[in-house]
Amino acid sequence: MTLQTSLSIASVCWCTAVCSVADTFYSKLRSRAQSINIGDPLQPGCRMGPVVSASQYDRVRTYVQVGQDDGATLLTGGRRPPNCPKGYYMEPTVFVNVKPHMRIWKEEIFGPVLSVGTFSSESEAVQLANDSEFGLAGAVISADLERCKRVAEALECGIVWVNCSQPCFCQAPWGGNKSSGFGRELGEWGLENFLSVKQVTEYVSPNIWDWYSPQSKL
């Protein structure tokens, strides 16, 4: 089974935290990544556009090199698409054999890079997912709904998607834990950021308020 961050072209500020697949799925994962249509987002059929800026493009390319230097296996991608000679385009990139100490596992890339590692049990998967300084959003995909519930409750993040990824509803709270921030936007929780809370305490005892006794010299 595998786990880590999702494909993104850095135009959004979150990445899916958990992707559970079997080792035999690697070939299908590679085929799926290679099938993504890259190009001008305004053109019909485009599924992925360019990285958001030159600086972010350079950052993503640096992480691709870092992943290889750290010993991860580049399954596919990591280069400019042949059909996009100009612009900040990069092929969907998939690393496998990624270990928890590697930078591409621990750090936020915000680019079209998927890091895949293995785990042998549900508890180990949860431990690997939670062993992160970040905690914005996560996803769990399983036909076992009880497992989905357990893992969703165990993940230390502000948002969990079950059998889906990255839907957003204005009625639902949006925000993370740990280094992914605090507080919430959207929904009634988001309105609290625009409110001011006041404490009013009324003394109702018939006795005189005697915080200090009469003998006090204060």
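Once Kirkwood radius over Cα pairs in Å is calculated for the structure shown, the corresponding label among (1) 17.9; (2) 18.5; (3) 20.0 turns out to be (3).
Which entries in LYS149/LYS198; LYS106/LYS149; LYS86/LYS106 show an alpha-carbon gap greater than 28 Å? Among LYS149/LYS198; LYS106/LYS149; LYS86/LYS106, the Cα-Cα distance tops 28 Å for LYS149/LYS198; LYS86/LYS106.
Net length available on complete extension from LEU195 to THR73 is 38.9 nm, with 0.36 nm assigned per residue and the Cα-Cα distance removed. The calculated FRET efficiency for ILE36 paired with ASN177, based on their beta-carbon distance and R0 = 41 Å, is about 0.85. Once backbone amide H atoms are built at 1.01 Å from N, GLY135 has ASN177, SER179, SER180 as its partners under 5 Å, excluding neighbours fewer than 5 places away on the same chain. The coefficient of translational diffusion for the range 36-121, derived via Stokes-Einstein from the alpha carbon Kirkwood radius under 4 °C and 1.567 mPa s, stands at 96 µm²/s.
Rolling a 1.4 Å probe over the protein heavy atoms of the range 61-218, with every protein chain left in place, gives an accessible area that is 54 percent carbon and sulfur. Averaged per residue, the range 68-186 has 53 square angstrom of accessible surface, using a 1.4 angstrom probe with ligands and nucleic acids left out.
Starting from the Cα-Cα distance between VAL66 and ARG150, subtract it from 0.36 nm times their residue separation and give me the gain in nm to one decimal. Let's see the in-between values first.
On the way: separation 84, 0.36 × 84 = 30.24 nm, distance 3.42 nm.
In short, 26.8 nm is gained.
The values are calculated or read from the model by the stated rules, or taken from the named source; none is laboratory data. None of these values were measured; they are calculated from a predicted model. Counting neighbours? That spans all protein chains shown, and the Cβs are built from the backbone with ideal geometry, glycine included. The accessibility values were calculated without ligands, DNA or RNA, using every heavy atom of the protein model including side chains. Shrake-Rupley method; radii C 1.70, N 1.55, O 1.52, S 1.80 Å.
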